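Following: one structure in structure tokens, then a few remarks.
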Amino acid sequence: MADPSSYRPEPGQIPDSPGVYKFRDEHRRVIYVGKAKSLRQRLASYFQDVAGLHPRTATMVTTAASVEWTVVSTEVEALQLEYSWIKEFDPRFNVKYRDDKSYPSLAVTLNEEYPRVQVMRGPKKKGVRYFGPYGHAWAIRETVDLMLRVFPVRTCSAGVFKRSAQIGRPCLLGYIGKCSAPCVGRVTPEEHRELAEDFCDFMAGRTGTYLSRLEKEMHAAAEEMEYEKAARLRDDIGALRRAMEKNAVVLADATDADLIAVAEDELEAAVQIFHVRGGRVRGQRGWVTDKVEAVDTAGLVEHALQQLYGEEKGEAVPKEVLVPALPEDTPVLSQWLADRRGSQVSLRIPQRGDKKALMETVHRNALQSLALHKTKRASDLTTRSRALEEIAEALDLDSAPLRIECFDISHLQGDDVVASMVVFEDGLARKSEYRRFQIKSFEGQDDVRSMHEVVSRRFRRYLQEKLKTGEWSPEDGEDAAGPVPEDDGKPKRFAYPPQLVVVDGGQPQVAAAKRALEELGIDDVAVCGLAKRLEEVWLPGEDDPVVLPRTSEGLYLLQRVRDEAHRFAIQYQRNKRGKRLKSGPLDEVPGLGESRKQALVKHFGSVKKLRQATIDQICEVPGIGRKTAETVVAALARAVPAGPAVNTATGEIIEDETPAPAGASSERGTEQ
């Protein structure tokens, strides 16, 4: 624990201007990012008596080992830079909202020649128009199904679209009138794009004008005695009204606004957002966060605004944002939102009327979300804590192993030998920390030797991180595990040591892992193995295993860790084997890309015929020079051709004259 006075900047060294500051720990990792109207005043507040600081702030400043800052010209620039650094460095002491689920949105791919309407999740893509998010994907599909009658926009995948274009026949939606069938040329690209844009306008809330136009067309058709057309328009109007009824009117003045409500206690906070477009609730989402920094409701609102609009531009930022409390820098945030939208944005607290009533509804949702989250977390946290305590007691550890790493070896009869490393923190899988290894030091099947290599490689990388901070220095002549890259404060691979290493196996694998740690001089990491046959836990140097009760939460957690490592290793091994089986002798030719491989196979018909060709004949293929042709001939000469195929029914030898598929070898057996 560092003393803040040890890294306090000298008086007068900090500028009295807007800027963004970063606190780093002893490993040079960024642990907190903040912005300030005056860097001098804000940073001075961190270096007062620690006893007078908020407990969370005191924890942060005593964890830090240095502070640095960047001066900017305006407070809006400071806000943007703070958001960018929080996204880049992922500091542990900053509030970070996490979605309680991945909400689906209705997306229109305006970046394609023939825009498509579909359900999308995940990060937003450029050139795609989004509506929502919605609570359920089925709600989107019901709405789209009603609207396709009026706006018959393409909804099919690229494969279905391409197939229909090839056979000259549309899919079922084209036959029943729910797609304009641009795949077979029933409408031009321009007409189809106009349909997609009308669809977007209607979803954006501009419904009144479109419905009025349809009603005028219906009456005009009736006057002209075109009763079939009038009936069709009447049904279209009914379909649109039913789609609109799915989103009840909540604000009578056709308001475009986002309403943000916060429910919080001392440790956690839940945020709920209602997206209102055209006076109707078009989407809802929620976040939950741990209050890892000293922050009030206004501060939580500021973080929520950054999270919500940091990647948005244009109409995705509404004209009005209603919040329960105004942040300290309200004018700066309003200007930042206006810059992102391209026009004025109102940031305020609703005082009366429908907007205040709706804000109360959003707040009730936030309270319910926080209560539900706490119920789930209390149950899960109790179980996980009990499991970790049982493991610590069974393995005689000093404390509960908050970070567990598990290693597993996978191969197929000694081929494609790979290994996996999975990480569990506080009893939960940390998939971003998973790693995969190829066994490099030898060939063949030797699980014990493979385990020794993998554990050694993982902890050499850990020693690299310690070497950079001066916590560890290699002995004279000892390998320092390669060059040390410059630290930029971002989270690193292999940067954090586990409290417990679990290996999939028994005594031999455990002994190999322990030996690897001892060779590197690491003596503060516990090792155990979990054998599949009887689910026994093996410790280094012990002749008898530790047997945990079958009902033990600790055993169940170890099984989950081991099974996850096994799954991850097998997945990697299968992918690697699949790539090897699809490869051929042409894959060994340096500089020969996929297009030229396809050109060679297409020109000669098969790899067998290519093998018989001369250098001059290969040079006749477009894009193949003499040097490349010589390399191809040499590679094919090195490859051992497979034995002839045999008809198992007659014993007849089959000559392989079948052309190979494009981009693949027609040879079999050892060349694959």
Which one, His27, Ser17, Ala65, projects farthest toward the positive side of the charge dipole computed for the stretch 1-78 from Cβ point charges (K/R +1, D/E -1)? His27
Classify the stretch 512-575 from the C-alpha gyration tensor, please: rounded if a/c falls under 1.5, else prolate or oblate depending on whether a/b exceeds b/c. oblate
Taking the Cα centre as origin and putting +1 on Lys and Arg beta-carbons and -1 on Asp and Glu beta-carbons, what dipole magnitude results for the stretch 11-68, to the nearest 20 debye? 240 debye
Evaluate E = 1/(1 + (r/R0)^6) for Arg626 and Glu594, where r is the Cβ-Cβ distance and R0 equals 25 Å; express this FRET efficiency to the nearest 0.05. 0.75
Subtracting the Cα-Cα distance from 0.36 nm times the residue separation, let me have the gained length for Arg186 to Arg121 in nm, one decimal. 20.3 nm
Chain lengthening between Arg364 and Thr614 when straightened (0.36 nm per residue, less Cα-Cα): 82.1 nm
Restricting attention to the alpha-carbon atoms of the stretch 308-363, what are Rg (one decimal) and Dmax (integer), both in Å? 11.8, 32
Restricting everything to alpha-carbon atoms, can you work out Rg to Rh for the stretch 46-200 with a Kirkwood hydrodynamic radius? 1.25
How do Trp287, Trp538 stack up against each other in accessible area, from largest to smallest, with a 1.4 angstrom probe? Trp538, Trp287
Can you give the Rg and Dmax of the stretch 1-115 based on its C-alpha atoms, in angstrom? 18.4, 64
What distance in nm separates the two pseudo spin-label positions at Glu535 and Ala222, each 7 Å out from Cα along the beta-carbon direction? 7.2 nm
Any of Lys374/Lys532; Lys126/Lys178; Lys126/Lys431; Lys216/Lys313; Lys291/Lys374 with alpha carbons more than 25 Å apart? Name them for me. Lys374/Lys532; Lys126/Lys178; Lys126/Lys431; Lys216/Lys313
Rank these residues by their accessible area, most exposed first, probe 1.4 Å: His452, His566, His192. His566, His452, His192
Mind listing the long-range amide H neighbours of Ala36? Cut-off is under 5 Å, sequence gap 5 or more, other chains count too, H placed in the peptide plane at 1.01 Å from N. Gly19
Using amide H atoms built 1.01 Å from N in the peptide plane, name the residues 5+ places from Leu548, or on other chains, whose amide H lies under 5 Å from its own. Val537
Just to confirm the filter: which trypsin sites (Lys or Arg not before Pro) across the stretch 510-558 are DSSP coil and have at most 11 other Cβ within 10 angstrom of their Cβ? Arg533, Arg550
Enter the accessible area of Thr143 (Å², nearest 10), with the probe set to 1.4 Å and all protein chains included. 10 Å²
Förster radius 30 Å - calculated FRET efficiency between Glu311 and Ala158, Cβ distance, rounded to 0.05: 0.70
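The values are calculated or read from the model by the stated rules, or taken from the named source; none is laboratory data. Small disclaimer: the values here were computed from a predicted structure and weren't measured. Neighbour counts run over all protein chains shown; Cβ positions are idealised from the backbone, glycine included. Note: areas computed on protein heavy atoms with side chains; ligands, DNA, RNA excluded. Shrake-Rupley method; radii C 1.70, N 1.55, O 1.52, S 1.80 Å.
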